[in-house]
Every structure is written in structure tokens, then in C-alpha cells.
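**Q** I have a structure I would like to understand better, so I am pasting it below and will then ask my questions one at a time.
The values are calculated or read from the model by the stated rules, or taken from the named source; none is laboratory data. The shown structure was predicted, so the numbers you read here are calculated from the model rather than taken from an experiment. Don't worry about glycine lacking a Cβ; one is built from the backbone with ideal geometry, like all the others, and counts go over all protein chains shown. All accessible areas refer to the heavy atoms of the entire protein, side chains included, with ligands and DNA or RNA removed. Shrake-Rupley method; radii C 1.70, N 1.55, O 1.52, S 1.80 Å.
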Amino acid sequence: MLRVLLAFFFILIFWSGHAQEYPLSKSDSGIVFKSLEKYEALIAKDDFRGASGALNDVAFVYWNNNHYAEAATYYEKSLVLNERVSNENGIAMINNNLGMLYADIGRYEESLAAFTKTLAARRASNEPAGVISALVNISVVLNNLHKYSESIKHLSEAIDIARELYDKHQMRSVYGMLSETYEKMGEVEKSLQYFELYKSFHEDIQRAEIKGMNRELAEERLEKQVLEADKAKKEIELLKQQLEIYEKEAQLQAKDSINQSLYSNLSRKEVEIELLERDKELTAMAAAAREAENKKLQSQKAYLRNSLIITILAVVVIGILILINIFRSRKYNKELLLKNESIEVQRRELEIANETKDRIFSIISHDLRSPIGSLEGFFFYVIDDFEMSDDLRKALNSVQNQLTNSASLVDNLLNWSRSQIKKEEPHIEEVEVAKLVEETFRLLRHQATTKQIELISNLSPTDRLKSDTQMVNIVVRNLVQNAIKFTPKGGTVVVDFETDQKGDCLKIFDNGIGMDEQKIASLFNISTNHSTLGTEHEMGSGLGLILCKELIEKVGGLIEVSSQPGNGTEFSLRFTKTEYQT
């Protein structure tokens with residue numbers, strides 16, 4: 001309800017949305033036709049500034065008749081011409097108009113961009129009132145985009161400028177928008193606080209306007225009385241001059257005859273009588289003027305009294321609605337508090353359950369790691385150093401591969417559980433990439449040799465990158481092991497390193513079986529990534545790649561995948577130089 005009342009008071013300041021389109025009148029159609037003819041002629045003369053003005057006239061006609069899309073089109077054309085001649089003031093004006101038009105037709109992102117350009121222009125030309133207007137317009141668009149925090153930021157800047165200027169009208173507008181925005185955010189107390197400020201300034205401005213109207217009426221009445229007095233004075237002076245003329249003529253003619261003297265006396269009496277009648281008429285006119293003035297003043301007083309009564313009633317209604325809103329907010333706040341308490345209890349229970357799960361993972365992984373490692377080493381030793389039948393060697397190789405996969409799974413589980421439990425920050429240092437890759441190849445050499453896969457490193461001893469050595473080591477080992485798993489016998493796995501101004505890139509690629517787009521999309525999602533058998537039916541868990549993505553992002557890096565079925569796979573680890581620099 002509060003939002004409706006605010007919208008009623010600001011309807012003269014902010015646009016109200018889509019309005020009904022009206023057909024162009026004959027006069028408007030004529031203006032459009034002539035303006036377009038003028039535009040074509042000016043374009044032919046390379047008068048881009050004048051041509052822009054003609055397009056603005058066309059856009060204004062369409063805008064005035066609520067044809068918003070057409071108006072926006074012509075303003076956009078005009079904007080191009082203004083940019084061509086670097087007319088900064090014209091660019092700012094058109095961007096402001098486009099901002100309002102885009103908002104009217106629901107193109108809020110474009111409206112925001114246009115108002116942002118207007119704001120930049122007003123700042124550059126140091127126009128505080130224009131800056132305030134642009135900030136308020138931007139806040140209206142942000143409210144429509146539900147970006148209330150950004151809207152509050154712009155309105156805060158606008159109110160600071162309005163306070164410095166002590167512009168009551170601007171302060172009233174901004175306070176009203178702040179109240180509306182906080183109300184939309186659900187912060188009722190702040191909304192009411194700013195609404196009280198808006199109401200205070202509105203009443204103050206209204207009192208000042210009434211006082212100004214009274215002063216103007218008094219000045220107009222006094223000026224009218226002075227004019228009437230001057231007119232009456234001039235008429236009396238004219239009559240006196242006529243009387244003097246008659247007297248002189250009578251004196252000159254008195255010597256000729258007694259009849260002439262009598263005629264002169266008669267003329268003088270007639271002039272005196274006319275003068276008296278004229279005085280009476282002027283007195284009556286003055287009285288009539290005063291009566292008309294009194295009636296006008298009485299009418300104006302009645303209007304002001306009615307306006308005051310309406311204002312008081314509106315304030316009373318608003319006060320009642322505010323009280324209703326306060327009671328409702330208290331009720332909603334109480335319900336919200338109870339829900340928040342319930343959510344907090346559930347959150348704590350969930351945290352305890354997650355911590356317990358992570359710790360169980362860590363304990364199980366740690367306890368399994370040592371015996372599996374021992375068994376894996378034992379099988380390596382037996383297979384390499386003892387004579388045995390081919391069937392037994394094949395069976396032992398199968399068991400050894402299963403142990404290797406199990407060891408990899410346990411390592412990944414242990415590393416993942418550590419990262420979940422400790423939440424430790426990476427230790428950024430200079431990593432000798434070639435040394436790290438050679439160590440990885442050494443650990444996986446037997447697994448690669450079994451499948452007759454060649455491991456190739458194109459790195460030089462001078463290759464370096466900034467990251468966490470342990471995390472990068474885990475990621476590289478998983479990716480190389482993954483490449484071996486999905487590369488057939490006789491294949492190759494290559495590790496390469498590139499560096500440029502943007503950062504460093506470590507690449508692991510193979511000539512294995514590859515993947516399609518659907519499989520790539522599911523690689524790093526624990527709910528969709530299902531383990532696939534390798535070329536020699538090697539088992540896996542699907543956890544390795546998920547762990548790789550989590551660790552590489554933890555050190556500020558990025559993992560990318562490029563693959564096609566039958567053409568191998570390439571994993572790229574990108575490290576930006578701006579991240580974690582020491």
C-alpha cells in the first residue's frame with residue numbers, strides 16, 4: 001500500500017510505464033514529413049548537427065503520441081550524428097531521452113547504459129543538478145531490474161549533492177525514491193524514515209509556494225491600484241487644463257460684450273459640472289474594481305482553504321496506512337525471526353553432519369593408504385623379479401592394476417577430505433614445473449610401460465610458475481594418470497608449457513580415445529560424472545577430475561578441456577600472473 005501512495009506522489013517526476021499509442025494528427029504528420037525532408041537536405045550538405053535537430057523533432061512527435069519504439073529509433077539515429085560531430089551536450093540530452101524511452105518499452109539494460117552515459121557527461125560538464133537527475137533515473141531503472149543495493153548507492157550520492165546545494169525540490173525527490181527503494185527491499189523501518197523526510201520537505205515546499213502565491217497576488221493588486229490611480233490623476237489633470245483654457249478664453253472675450261462674458265461663464269459652469277460627473281464616474285469605477293478584487297481574493301482564499309483540507313486528509317490517510325503497515329511488518333518480522341531460528345538450527349546440524357562425514361572419509365582414506373601401498377609395491381617386486389607362467393603373470397598384472405586404481409582412489413579421497421576439513425589457503429611459491437613433471441612420470445612409469453605408452457615432457461629446467469607446489473603436483477599426477485588410462489597401447493602422453501603476458505599454461509594431451517561434448521560437460525560435476533573403463537578395462541571413481549578442478553581454482557587457476565572422439569584429449573591448466581603474486 002505504501003508503494004502505491006509513493007507512486008501517486010512521484011507520478012509527475014518519473015515515467016509511469018507503457019501508455020496508449022495515439023494516431024498522429026494531421027499537424028503532427030506534417031511535422032514528421034517536413035522534418036524528414038529537412039533531414040535529407042541537410043545530410044546532403046554534410047550539416048550533421050542540423051540533421052540531428054530534424055531527427056530530434058521527428059522523435060519528439062512520436063514520443064508525444066506514445067510511439068516509444070519509433071521515437072527511440074530516431075533518437076538513436078540522431079545520437080550517431082551527434083557523436084560524429086562530437087556534440088557532447090547533444091549526446092547527453094539524447095542519451096537521457098533514450099534512457100526514458102527504453103524504460104518505457106521495458107528495455108531496462110539499454111536504459112541503464114544510456115543513463116550511465118548521461119551521468120558521465122553531466123559529471124564531465126560539472127552540472128550538479130544534471131548529475132542528481134541522472135542518478136535518480138538510474139535508480140528507477142535499477143529498481144525495475146531488482147538491483148536495489150546498487151540503486152541505494154546511486155541515491156546516496158544524489159542526496160549528498162542535493163544537500164550540498166540545499167535544493168529542497170531535489171532532496172524531496174531523492175528522499176521519496178529512497179523510501180520507495182527500501183520498501184521494495186523489505187526494509188520497512190528505513191522506508192518509513194525516508195518517507196517522513198520526504199513528507200517534511202513536501203510540506204515545507206508547499207507552504208513556500210502558498211506564501212509566494214499570496215505575495216504575487218498582493219503585488220499584482222497593488223500594481224493595479226497604482227495604475228488606476230495614475231489614470232484617474234491624468235484624467236483630472238486633463239480636465240483642469242481644459243478648465244484653464246476656457247477661463248483664458250473667457251477673459252479675452254469679456255471686453256467685447258456682456259453676452260460673450262455670460263457665454264464664457266456658462267461654459268465654465270458646464271466644464272465644472274462635467275468635471276464633477278467625471279469624478280463621480282472614477283469613484284464608481286474604483287469601487288467596482290475594489291469589489292471585483294475582493295471577490296477574486298475570496299475565491300483564491302477558498303481555493304487555498306480547500307487545498308489545505310485535502311492535504312490534511314491525505315496526510316491523515318497516509319498516517320493510518322503507515323500504522324497499518326507497521327503492525328503488519330512487526331507480525332512479519334516475528335514470523336521471519338522464528339523461521340530464521342529454525343534455519344539456523346538446521347544449518348548447525350548440517351555443519352556437524354558434514355564435518356563428521358569429512359572426518360570419516362579422512363580416517364578411512366588414511367588407514368587404507370598404507371596397506372594398499374605396501375601391496376602395490378609387493379606386486380611390482382614379484383612381477384618384475386620372479387619367473388612365473390604367463391597366465392599367472394597376467395592375473396598378477398590384473399591385480400596390480402586394481403591395486404594401482406585403488407591407491408589412486410584412496411589418494412584422491414584423502415586429498416579431497418583434507419581440503420574439505422582444513423579449508424587451508426594455498427602456499428604460493430615458485431614451482432619448478434619440469435622437476436614436478438619428471439617426478440610424476442617416475443611414479444607412473446610402470447603403469448605407462450605396462451601399456452607401452454611413451455611419456456614425453458617438452459619442458460625446460462628454466463620453466464617456472466607461481467602456485468602451490470603440492471596442489472599442482474596432485475592435479476598433474478591425476479591428469480597424466482587419466483591420460484594413460486584412456487590411451488591405447490603404443491600411444492603417447494605429452495606435457496607442454498607455454499607462457500605469455502597474460503599468464504602461464506601447462507598442457508597435458510594424449511592421442512587416446514577422446515570424448516564427446518556431452519561427456520566433457522559432465523566431467524567436473526560429481527552428480528553427473530560417472531567413471532568410465534579405460535582402454536585396458538581400468539577402473540576409476542570419477543573423483544580425480546573433480547578434485548583437480550577444485551584445487552586448481554583454489555590457487556587462482558583455470559582448467560580447460562578440448563577433445564574429440566578418436567582424436568585424443570587436451571587438458572590446459574592456466575595460471576594468471578596477477579593471482580597470488582608475492
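**Q** Can you give me the Kirkwood hydrodynamic radius for region 471-551, using every pair of distinct Cα atoms, in Å to one decimal? Present the calculation step by step, with values, prior to reporting the outcome.
**A** Details: mean 1/r = 0.0727 Å⁻¹.
That comes to 13.7 Å for region 471-551.
**Q** Another question about this same structure. Calculated FRET efficiency, MET388 and GLU351, Cβ-Cβ r, R0 60 Å, to nearest 0.05? Please list the in-between numbers first.
**A** Numbers: r = 53 Å, r/R0 = 0.89.
It comes out at approximately 0.65.
**Q** Same structure, new question: Given the whole protein assembly as supplied and a 1.4 Å probe, what does the accessible area of MET185 come to in Å², nearest 10?
**A** About 70 Å², ignoring ligands and nucleic acids.
**Q** I would also like to ask the following. How would HIS67, HIS146, HIS169 line up by accessible area, probe 1.4 Å, largest first? Spell out each step's value before the answer.
**A** On the way: HIS67 30, HIS146 135, HIS169 95 Å².
The residues order as HIS146, HIS169, HIS67, largest area first.
**Q** Kindly identify region 54-141 as rounded, prolate or oblate by the Cα gyration tensor criterion: order the square roots of the eigenvalues as a ≥ b ≥ c, call it rounded if a/c is under 1.5, otherwise compare a/b with b/c, prolate if a/b is larger, else oblate.
**A** Details: a/c = 1.98, a/b = 1.20, b/c = 1.65.
Taking the square roots of the gyration eigenvalues as a ≥ b ≥ c, region 54-141 is oblate.
**Q** All other residues with a Cβ under 13 Å from the Cβ of SER531 taken together, and with Lys, Arg as +1 and Asp, Glu as -1, what is their net charge? List each step's numbers first, then the result.
**A** Details: positive: LYS485, LYS519; negative: GLU538.
That works out to +1.
**Q** Also, I was wondering about something else. Assuming R0 = 35 Å, what is the FRET efficiency of SER200 and LEU145, from their Cβ-Cβ distance, to the nearest 0.05?
**A** Numbers: r = 30 Å, r/R0 = 0.86.
FRET efficiency, SER200 to LEU145: 0.70.
**Q** Full extension from LYS489 to TYR332: what is 0.36 nm times the residue separation minus their Cα-Cα distance, to one decimal in nm? Kindly include the intermediate steps, with their values, before the conclusion.
**A** Details: separation 157, 0.36 × 157 = 56.52 nm, distance 6.80 nm.
Gain on extension, LYS489 to TYR332, equals 49.7 nm.
**Q** Normalising by the residue count of region 75-194, find the relative contact order in percent from Cα pairs under 8 Å and 6+ residues apart. If you can, show how the numbers build up before the last one.
**A** On the way: 132 pairs, mean separation 18.9, N = 120.
About 16 percent, as a whole number.
**Q** Ignoring ligands, DNA and RNA, what percent of the accessible area of region 38-158 is carbon or sulfur (1.4 Å)?
**A** 51 percent
**Q** Which semi-axes, in whole Å and largest first, does the equivalent ellipsoid of region 466-517 have when worked out from the alpha carbon gyration tensor as the square roots of 5 times its eigenvalues?
**A** On the way: eigenvalues 109, 38, 19 Å².
They are 23, 14, 10 Å, listed largest first.
**Q** In debye, nearest 20: dipole of region 16-116 around its Cα centre with unit charges on the Cβ of K, R (+) and D, E (-)?
**A** Numbers: 8 positive and 14 negative charges, 45 e Å.
Here the size comes out at about 220 debye.
**Q** What is the extension gain from TYR303 to ALA44, computed as 0.36 nm multiplied by their sequence separation minus the C-alpha to C-alpha distance, in nm to one decimal? Please list the in-between numbers first.
**A** Values: separation 259, 0.36 × 259 = 93.24 nm, distance 5.69 nm.
Answer, rounded to one decimal: 87.6 nm.
**Q** Once ligands and nucleic acids are excluded and a 1.4 Å probe is used, how much of TYR166 is accessible, expressed in Å² to the nearest 10?
**A** Looks like 140 Å² after rounding.
**Q** Show ASP47, ASP463 ordered by accessible area, largest first, where the area counts protein heavy atoms only and the probe is 1.4 Å.
**A** Values: ASP47 60, ASP463 30 Å².
Largest to smallest exposure gives the sequence ASP47, ASP463.
**Q** What is the extension gain from SER562 to THR528, computed as 0.36 nm multiplied by their sequence separation minus the C-alpha to C-alpha distance, in nm to one decimal?
**A** Values: separation 34, 0.36 × 34 = 12.24 nm, distance 1.87 nm.
In short, 10.4 nm is gained.
**Q** Using a 1.4 angstrom probe on the protein heavy atoms only, could you order LEU145, LEU239, LEU337 from most to least accessible area? Intermediate values should be presented prior to the final figure.
**A** Working: LEU145 40, LEU239 10, LEU337 100 Å².
Solvent-accessible surface, decreasing: LEU337, LEU145, LEU239.
**Q** Using the structure shown, list the pairs from LYS466/LYS507; LYS485/LYS507; LYS45/LYS77; LYS199/LYS224 with a Cα-Cα distance above 26 Å, or answer none.
**A** Numbers: LYS466/LYS507 16 Å; LYS485/LYS507 17 Å; LYS45/LYS77 17 Å; LYS199/LYS224 37 Å.
Exceeds cut-off: LYS199/LYS224.
**Q** Using mean Cβ contacts within 10 Å as the protection proxy, how do 556-563, 133-140 order, highest first?
**A** Details: 556-563: 18.0, 133-140: 25.1.
Output ranking for 556-563, 133-140: 133-140, 556-563.
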